[in-house]
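Each remark here refers to the structure printed beneath this line.
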Amino acid sequence: MRRVHRGELTLRRRGSLLSLVLSLLLTGLGCGGWGVAAETHLERGIAHRREGRLQAAIIEFRNALQKAPALARARQELGEVYFEEGEIQLALGEFARLAELEPDNALAHRKMGEIYLLVRAWKKAEESLKKAHAVDPTDVELHRLMAGLWTGRGDLVRAARSLQEALALDPGRVPTVIQMGNLLLARGDARGARDWYTKALTLAPRDLDARLALGNWYLSQRNLAEAGEQYRTAAREHPTDPAPRVALARLYRLEGKPDAALAELQASLALRPYRRALKLELAEWYLEQGKVAEGLEIANSLLAGGGPGGLEALYLRGRLHLTSRRPKEAIADLQTVVQRLPQFSGGRIALGLAYEAEGLVAQAEREYELAIRADPNTREARWRLASLYLSMGATERAIASAQEIVKAHPEDPASRALLGKSYLQAKQAEKAYGEFTKVVELTPSSAIGYFNRGVSLLAMGKGDRAMTDFQQALHRDAHLAGAVAVISLGVDQTGNPEAAAALAHLLQQGAPRSPIGYYTAGLLAVRHKKFPEAERFLRMALEQDHTFAPAYLGLGELHRGREDHHQALAQFQAAVQMRPSLVPGLIGLANSYLALKRYDEAVATFKKVLEISPQFVPALNNLAWTYAEQGQNLGEALSLAQQARQLAPKHAGIADTAGWILLKRNMVGEAIATFREAVELAPRHPTLRYHLGLAYARRGRGQEAVQELQTALEIAPRFPEAAEARQLLTRLRQ
């Protein structure tokens, strides 16, 4: 879940919305008598805290409260130690009890407001801070927290006013100075922010928060080396505090040094092995690295231990399930989280992603909307919602959502790119070009802006300028060659073979040692049945990289086009040998077996595809067709065909397969209805017309059969079943 950075509230101990709500649920008011033993425990706890032995202090404060639940000082001390240890859910409980004991205790209300700020519960934070202000309006820390409230709500003017009031009361208070730097950074004044961080270190050269704030500033400016130096200085100056090591771990993750990041996280946990927040930080690293088993071990251990951190661990486990492609398990965990924490936007977003993975689009949309309602400033939920609309083809809604994001974040290139893609899908190429141009201006060294702008230029019919942008994109990132190849093939399908060939040539020039350009040119030649040229390019691709499996796939398709199914089989086998789980290779292999009437091998290979991808429509359809050709397992064949139809209801060929199986089972009426649906989807397909005519003939509806057979032969006199169609037509006319 999202953690508040030091740069937002300058608080070294962080928490979460999960912690907040759990505390509210667990908060109760104790009562009891006073005793000497309780006071002794309190004094011991204060001494332990002064010496930095916080766990020992916690034990003493708990003992004091067990003896005397109404001992306010013990409640305050225990709440503060919990807060220092990052146990904010427990801290909130203690401060809530303290406020019950002493309604005019400004510190209790202020600390509750501080915790609410950490978890972005703005309304509750404002209520608590106002209560504190009514008791003590001159509290400097209170003004600083009010600034955090206004910053969180996006009102930077009021935030600045609150900080100025705090500085007027105490100009040398380091947390306030740091927060002024944070505010200036949020307003885009990077130089001014640095000056305030430097001032904080001048006031307190060994202050941990000030040192980390300056490190975070360098990180925000992409000066990773100097950021690392600041974090390492903090670690040297505060060797027993895990915070600098956590900061270093995050830096190493950005630098692509996962082993170094892991070492720092493990070192931080060694300093505080009991701290739940550090365990969760390590689990987040495992999640980021795709090490699901390790992350689940931590999550399950936290859940097994019980306590108020359970929902936080459940949220973690739900996202781990989502990463490991177990959306049903993810949904179960995340539903529990949002039921208990309905205002937790992060939980709503994760649940929306799980619903998307399960194909439940309406539910995903609802969760993203609820996330936005819970936190109107959340960028991620709006991003997810706009992306969902884009995937649904709801371009107007995608554009509207993306425009809202750009309005809030006009200098964010990713938001501009999303809006550009929305315009592009809506066939508003000129507007898309404008957004992608802005992306290029914002990030001139990034390849993706040039790539997307090249796509928009192609849509505008400006191929020459598009080639320049694609060239710029490839110069900046050679890994985009695959994406350019996809564009080339797509352009060819839209009827522009010249532009497609130019892109393939550009790939060959831009990356002469890569197989992708030659492969793309070869595949284009296969499509246009230029088989000698296709084979030459595909062989050249393999010369660059003999393990490049797509080239073998291309050769397989080439030989299928020549109806040389034995050679096609050999090429698909080579591709699968390189990559045993390559679904296109397995499908090509199975289809080759089918063409050679090696039905058992075709069935086994189609089943293997479905083990890898259970909802892969071509495998479902072709396995059903294979059973029909064998005349075996027609019940299972029909079930497979119906499943394929549910997944692709607008595909004429799949409807035809279902109709063919129905006809094989002598369910002629149902077959006619299904064939008619197929013909409505593809009225110019001769085989579909022939199958419908055959079904009419089986039903004794000769006139309709003759009409369909004649239409099939008029469309394509030499289609594969033309001879059978003529024979049937002759019989019907006798």
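The values are calculated or read from the model by the stated rules, or taken from the named source; none is laboratory data. Everything numeric in this text was worked out from a predicted model, so none of it was measured. In this analysis, Cβ positions are derived from the backbone assuming ideal geometry, glycine residues included, and neighbour counts consider all displayed protein chains.
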Inset, instruction - Would you confirm whether any residue within the stretch 141-156 is in contact with a helix residue (DSSP H, G or I) (Cβ under 7 Å, 6 or more places away or on another chain), closer than 25 Å to Thr378 by Cα, surrounded by fewer than 17 Cβ atoms within 10 Å (Cβ to Cβ) and among the hydrophobic types (A, V, I, L, M, F, W, C)? - result: yes
Inset, instruction - Taking the residues in the stretch 534-562 that are among the aromatic types (Phe, Trp, Tyr) and assigned to a helix (DSSP H, G or I) as candidates, determine which candidate is surrounded by the most Cβ atoms within 10 Å (Cβ to Cβ). - result: Tyr552
Inset, instruction - Among the helices (runs of 4 or more DSSP H) lying completely within the stretch 211-328, list those that include at least 3 residues that are over 22 Å from the mean Cα position of the chain (by Cα) and surrounded by fewer than 18 Cβ atoms within 10 Å (Cβ to Cβ). - result: 224-237, 258-271, 292-305
Inset, instruction - Report whether or not Thr240 is at pLDDT 95 or above and of a type outside the set (Asp, Glu). - result: no
Inset, instruction - Give the residue that is nearest to Gln179 (Cα to Cα), with candidates limited to residues of the stretch 125-163 that are part of a helix (DSSP H, G or I) and among the charged types (D, E, K, R). - result: Arg144
Inset, instruction - Scan the stretch 504-529 and report the pairs whose first residue is without any contact (Cβ under 8 Å) to a residue 60 or more places away in the chain and surrounded by 19 or more Cβ atoms within 10 Å (Cβ to Cβ) and whose second residue is part of a helix (DSSP H, G or I) and among the acidic types (Asp, Glu), with Cβ atoms within less than 7 Å and a gap of 6+ or a chain change. - result: Leu524/Asp492; Ala525/Glu533; Val526/Glu557
Inset, instruction - Identify all residues within the stretch 164-187 that are without any contact (Cβ under 8 Å) to a residue 24 or more places away in the chain and assigned to a loop (DSSP other than H, G, I, E, B); write none if there are none. - result: Pro171
Legend entry - Residues that are more than 19 Å from Gly561 (Cα to Cα) and surrounded by 21 or more Cβ atoms within 10 Å (Cβ to Cβ), drawn from the stretch 488-503: Ser488, Val491, Ala500, Leu503
